[in-house]
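The values are calculated or read from the model by the stated rules, or taken from the named source; none is laboratory data. If you're wondering where the values come from, they're calculated on a predicted model, not measured in any experiment. Every residue, glycine among them, receives a Cβ derived from its backbone with ideal geometry; neighbour counts consider all protein chains shown. Just the protein is used for accessible areas: all its heavy atoms, side chains included, with ligands, DNA and RNA removed. Shrake-Rupley method; radii C 1.70, N 1.55, O 1.52, S 1.80 Å.
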Amino acid sequence: MAKTGTTTQGLRAAIERSGYYPALVAEAVEAAVGGEAISSYLVHQETTFDANEVRRHVTVLVLTGKRFIVSHTDEQAADSDSPTPYATTSTESVKLDRISSVVVSRVVSNPESYTPGTLPREVVLTIGWGAVSRIDLEPAACGDPNCEADHGYTGSTTADDLSLRVSEAGDGPDTVRQTLAFAQAISEATAATR
């Protein structure tokens, strides 16, 4: 389930509709947003299966005129440290000029007959601002198949601060549309800060 919009009241309503600890999630997000006007938001709740447990997670993305705010809330089962179930909520606030990449990956069926405007069956939104990077290394080689020299390593770093995946089959077509709308809003906002 994902919801998008541009107002504080709409954000609160979307959080409440998610049904996932709405008072806790709303308080954390509203404290992070403060008095800033909201340009766009996305509320995405997902359910995962972990061994014999069902776990829920909600991600709230908020775009203001100056910042990108990310909130994650996870529930945890009782464990040796806590005799009762508990939830963890975190928020991160990133200045728009710190966002270094916005990647939108679209998966479409039958690409040979794709028509512009057709909804992808899956969207992955990845936003990077330098807090987390992934490094992929592999041995370097030269063009000589008989060469036995050590050429060191080659690789790449990828900004991987946030990755959100939605699919038409799992989340519904509205969620895919809303994710694309938020992706466009944050792409436009980061372009405007350059």
Taking the stated definitions as given, is Ala78 outside any helix (DSSP H, G or I) and either touching a Lys or Arg at 6+ places or on another chain (Cβ under 6 Å) or more than 26 Å from Ala131 (Cβ to Cβ) (or both)?
yes
Strands (runs of 3 or more DSSP E) contained in the stretch 114-190 and holding at least 3 residues more than 13 Å from Val103 (Cβ to Cβ) and open to solvent by 80 Å² or more (accessible area, probe 1.4 Å):
133-139
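Residue-wise test of (1) at pLDDT 95 or above; (2) open to solvent by 40 Å² or more (accessible area, probe 1.4 Å); (3) touching a Pro at 6+ places or on another chain (Cβ under 7 Å).
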site: Thr8; (1), (2), (3): no, yes, no
site: Ala14; (1), (2), (3): no, no, no
site: Val29; (1), (2), (3): yes, no, no
site: Tyr41; (1), (2), (3): no, no, no
site: Glu53; (1), (2), (3): no, yes, no
site: Arg56; (1), (2), (3): no, yes, no
site: Leu63; (1), (2), (3): yes, no, no
site: Ser71; (1), (2), (3): yes, no, no
site: Ala78; (1), (2), (3): no, yes, yes
Every residue from the stretch 32-47 that is of a type in the set (A, V, I, L, M) and either touching a strand residue (DSSP E or B) at 6+ places or on another chain (Cβ under 6 Å) or under 13 Å from Val60 (Cα atoms) (or both)
Ala32, Val33, Ile38, Leu42, Val43
Scan the stretch 98-113 residue by residue and report those that are open to solvent by less than 80 Å² (accessible area, probe 1.4 Å), modelled with pLDDT of 95 or more and under 17 Å from the mean Cα position of the chain (by Cα).
Val104, Ser105, Val107
Note on the stretch 28-45: residues within 20 Å of the chain's Cα centre (by Cα) and without any contact (Cβ under 8 Å) to a residue 40 or more places away in the chain are Glu30, Val33, Ile38
Does Ser82 satisfy the condition of being open to solvent by less than 70 Å² (accessible area, probe 1.4 Å) and more than 23 Å from Ile186 (Cβ to Cβ)?
yes
Since Val94 meets every condition but one in (1) open to solvent by less than 60 Å² (accessible area, probe 1.4 Å); (2) under 26 Å from Lys66 (Cα atoms); (3) in contact with a Ser or Thr (Cβ under 7 Å, 6 or more places away or on another chain), which condition does it not meet?
(3)
